[in-house]
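Asker: The structure follows.
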Amino acid sequence: MPSVSVEMMPIEFPVVDITAPFLLNDEVTFTSPGKTTMEGRVTKVQVKTYGLEQQPGAAVSVAFTDGNMKAFKTGGVAGYTMTKKGQQGTTGKIRKGASVLSFAQLMDARELQVMVNAAEELITRAATIKRSDYVLQWFGQAAFEPKARELIHKRCGDLREGVAGFSKVVFQCAPAESLGAIDNADPLRGGPTCRIRLGRGFTYDRYSWGERVCTIIHEMTHWVLNTVDVAIDDMPCYGGLCLKLARSTSKAQRELALNNADNWGYYICEYRTAGDGRDWKYFTEKEIESRGPFVPNGYNLVPSVMAFH
């Protein structure tokens with residue numbers, strides 16, 4: 001099973017009064033008297049000058065890896081000291097006037113590890129069992145052409161092999177309302193580490209535990225199989241719409257289901273066992289259709305998903 005690590009999407013900070021250069025992948029801490037301490041990893045450094053006085057400094061991008069970011073929701077980070085861990089004397093000050101961070105929080109690596117383990121188990125089951133009724137349900141009649149069906153099973157095997165080859169899955173937490181995403185140009189692609197972005201939506205109580213696992217599988221199919229997010233009339237074919245895509249009267253649209261990431265995610269999640277007592281709500285057509293439309297900022301956060309709550 002691949003191990004899991006969690007970090008924030010990198011955020012750029014204006015840093016001045018630097019005593020020694022910060023370098024790529026340096027581990028750093030953010031401290032300020034009486035305020036929360038944050039830890040992170042440097043992902044980018046650019047030399048800059050600031051203000052009318054042309055104060056020398058650097059634009060340092062940091063992916064936070066530990067600490068409760070709720071304290072930054074209103075106060076920002078101006079005035080914090082950034083210090084390189086393990087090396088005395090390498091410090092810098094976050095310049096006054098630094099923008100307030102967009103609100104987001106770190107998610108719980110232990111809970112995400114359980115979800116990744118479940119995702120890999122489901123992918124293995126799908127690649128091994130190969131149930132025709134599940135293929136028909138989520139990929140439609142186009143999948144019952146022999147070559148298409150054979151390709152689905154082959155690609156499922158490719159997905160199993162790709163995920164088994166991961167040594168690590170890195171989850172980047174972001175303030176977006178979405179559930180998940182990947183960067184198609186991510187330099188990690190093709191290597192042993194998979195990097196998935198999780199939006200704040202991933203933590204909403206609108207979604208079931210199983211839907212979070214499905215999101216991870218969805219993004220893994222992007223990473224390994226180069227699946228896409230098909231859109232019809234500017235509407236992404238997620239959830240119930242991916243069922244409609246598979247059943248479309250248009251042959252061209254039905255064939256699009258064969259490479260639509262959500263069709264793949266729901267298909268693989270069908271292989272869960274009857275004895276799995278976890279929350280798999282919103283996986284039947286009736287449940288999907290009965291759920292109301294998404295309401296921005298309209299949901300509570302699920303405590304078990306959060307690192308700090």
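The values are calculated or read from the model by the stated rules, or taken from the named source; none is laboratory data. Owing to the predicted nature of the structure, the values given are computational and were not obtained by experimental measurement. So basically every Cβ, Gly included, is an ideal-geometry build from the backbone, and we count neighbours across all protein chains shown.
Asker: Give just the number: which of (1) closer than 30 Å to residue 124 by Cβ; (2) at pLDDT below 90 does residue 273 not satisfy?
Answerer: The number of the failed condition is (2).
Asker: Name the residue that is farthest from residue 175 (Cα to Cα), counting only residues in the range 285-297 that are free of Cβ contacts under 8 Å to residues at least 24 places away in the same chain and loosely packed, with under 12 Cβ neighbours inside 10 Å.
Answerer: So, considering only residues that are free of Cβ contacts under 8 Å to residues at least 24 places away in the same chain and loosely packed, with under 12 Cβ neighbours inside 10 Å, the one farthest from residue 175 (Cα to Cα) is 286.
Asker: Only one of (1) in contact (Cβ under 8 Å) with a residue 12 or more places away in the chain; (2) at negative phi is not met by residue 282, so which one is it?
Answerer: (2)
Asker: Let me ask something else. Would a scan of the range 36-55 turn up a residue that is free of Cβ contacts under 8 Å to residues at least 60 places away in the same chain, in contact with a helix residue (DSSP H, G or I) (Cβ under 8 Å, 6 or more places away or on another chain), buried (at least 19 other Cβ atoms within 10 Å of the Cβ) and outside any loop (DSSP other than H, G, I, E, B)? Let's see the steps before the verdict.
Answerer: Start the filter on the range 36-55 by keeping residues that are free of Cβ contacts under 8 Å to residues at least 60 places away in the same chain, which leaves 36-55.
Narrowing the set further to residues that are in contact with a helix residue (DSSP H, G or I) (Cβ under 8 Å, 6 or more places away or on another chain) leaves 36, 38.
Filter once more, so that each one left must be buried (at least 19 other Cβ atoms within 10 Å of the Cβ): 38.
Keeping just the survivors that are outside any loop (DSSP other than H, G, I, E, B) gives 38.
Yes; the residues of the range 36-55 include at least one that is free of Cβ contacts under 8 Å to residues at least 60 places away in the same chain, in contact with a helix residue (DSSP H, G or I) (Cβ under 8 Å, 6 or more places away or on another chain), buried (at least 19 other Cβ atoms within 10 Å of the Cβ) and outside any loop (DSSP other than H, G, I, E, B).
Asker: Here's a follow-up. On the given criteria, is residue 115 crowded, with 20+ Cβ neighbours inside 10 Å, in contact with a strand residue (DSSP E or B) (Cβ under 7 Å, 6 or more places away or on another chain) and closer than 30 Å to residue 262 by Cβ?
Answerer: Working: crowded, with 20+ Cβ neighbours inside 10 Å: yes; in contact with a strand residue (DSSP E or B) (Cβ under 7 Å, 6 or more places away or on another chain): no; closer than 30 Å to residue 262 by Cβ: yes.
The answer is no for residue 115.
Asker: From the list 3, 32, exactly one residue is surrounded by fewer than 14 Cβ atoms within 10 Å (Cβ to Cβ), hydroxyl-bearing (Ser, Thr, Tyr) and out of contact with any Pro (no Cβ under 9 Å at 6 or more places or on another chain). Which is it?
Answerer: The conditions single out 3.
Asker: Report, by residue number, each residue of the range 86-112 that is modelled with pLDDT of 80 or more and closer than 18 Å to residue 45 by Cα.
Answerer: Those that are modelled with pLDDT of 80 or more and closer than 18 Å to residue 45 by Cα: 90, 91, 92, 93, 94, 95.
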